[in-house]
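Values in this text are rule-based calculations from the coordinates and carry no lab data. Predicted model, so just to flag it, every value in this text is computed and none were measured. Glycine gets a Cβ as well: all are built from the backbone with ideal geometry, and neighbour counts include every protein chain shown.
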Amino acid sequence: AQSVAQPEDQVNVAEGNPLTVKCTYSVSGNPYLFWYVQYPNRGLQFLLKYITGDNLVKGSYGFEAEFNKSQTSFHLKKPSALVSDSALYFCAVRALSGTYKYIFGTGTRLKVLA
Amino acid sequence: ETGVTQTPRHLVMGMTNKKSLKCEQHLGHNAMYWYKQSAKKPLELMFVYNFKEQTENNSVPSRFSPECPNSSHLFLHLHTLQPEDSALYLCASSQESMRGRVDTEAFFGQGTRLTVV
């Protein structure tokens, strides 16, 4: 079965410190991987994606993610966290199961402490 | 903001009511999706439309009825809902090539917060 796992329900980090939000995936074929962020009562906003090419992908608001094929991971990172980064983060994989669709992880709440 | 507009933003309905959620995308995409987001549950894919044809129905109860009259509009018709159907309903669109190559990411609307009383 094709799936995405986000093992942490919540991640706390102090402002200015580096942050990592973890994601692992299981998909047949080439993985197309995405990170989205959601603020309260809002839709999902796209942050970055991995389709092919460099394993380190840079995205919006200073975020980046590293694709690791051997570990089937796509962790989201930022060198220096801001309080405004506090939100709900979703990892997603575009999978083919009957039809193409986006499968999301359960989400990780990031809390950046001032 | 993202090119995907959902209306209304908030909806309160009784269990005997009939209402519809509307989604419109201005991005020229050929695929549209309905997701349900409940508290403390993962995003649930409900329906997928590709080129106006429904290609996925993820075991959704018949009290939810989707409609895709053209590639820019997607509706979710609601009738005789239950309180557990209260959730944030998200619409998304993407551009899918015939060969399955990823042309772009999925774009989401702001969602409709539905409360069933």
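Some observations on this one:
- Here the relative contact order of the stretch B:9-98, from alpha carbon pairs under 8 Å that lie six or more residues apart, stands at 40 percent.
- Our note on the geometry: Cα centres of the stretch A:39-114 and the stretch B:51-117, 22 Å apart.
- In the protein assembly as shown, Rg over Rh equals 0.97, where Rg is the alpha-carbon radius of gyration and Rh the Kirkwood radius from pairwise Cα distances.
- Student exercise, the protein assembly as shown dipole from Lys, Arg, Asp, Glu Cβ charges, in Debye to nearest 20: 240
- Positive-pole candidate from A:LEU44, B:THR2, B:CYS23, dipole of the protein assembly as shown, charges at beta carbon: B:CYS23
- Inter-chain Cβ neighbour average for residues A:38-51, partner chain, 10 Å: 5
- For the residues of B:41-48, the average number of beta carbons from a partner chain within 10 Å of their own beta carbon is 4.
- Counting neighbouring Cβ atoms within 10 Å and putting the fewest first, the residues B:ARG9, A:ARG94, B:ARG113 line up as B:ARG9, B:ARG113, A:ARG94.
- Taking θ as phi - 60° and the Karplus parameters 6.51, -1.76 and 1.60, the scalar couplings of the stretch A:21-38 work out to 10, 8, 8, 10, 9, 9, 8, 8, x, 6, x, 10, 10, 9, 10, 10, 10, 10 Hz in sequence order, x denoting glycine and proline.
- Residue order, fewest to most beta carbons within 10 Å, for B:PHE107, B:PHE51, B:PHE75: B:PHE51, B:PHE75, B:PHE107
- Long pairs among A:LYS58/B:LYS41; A:LYS69/A:LYS111; A:LYS101/B:LYS22; A:LYS101/B:LYS41; A:LYS78/B:LYS22, criterion Cα-Cα beyond 25 Å: A:LYS58/B:LYS41; A:LYS69/A:LYS111; A:LYS78/B:LYS22
- Cα-based shape type of chain A, given that a ≥ b ≥ c are square roots of the gyration tensor eigenvalues and the cut on a/c is 1.5: prolate
- By the beta carbon rule, with partners counted only under 4.7 Å, the protein assembly as shown holds these lone Cys residues: B:CYS68.
- Shape of the stretch B:45-117, Cα gyration tensor, a/c cut at 1.5: prolate
- Here the Karplus relation 6.51 cos²θ - 1.76 cosθ + 1.60, evaluated at θ = phi - 60°, turns the backbone of the stretch B:25-33 into coupling constants of 10, 10, 10, x, 6, 10, 10, 9, 9 Hz, with x for every Gly and Pro.
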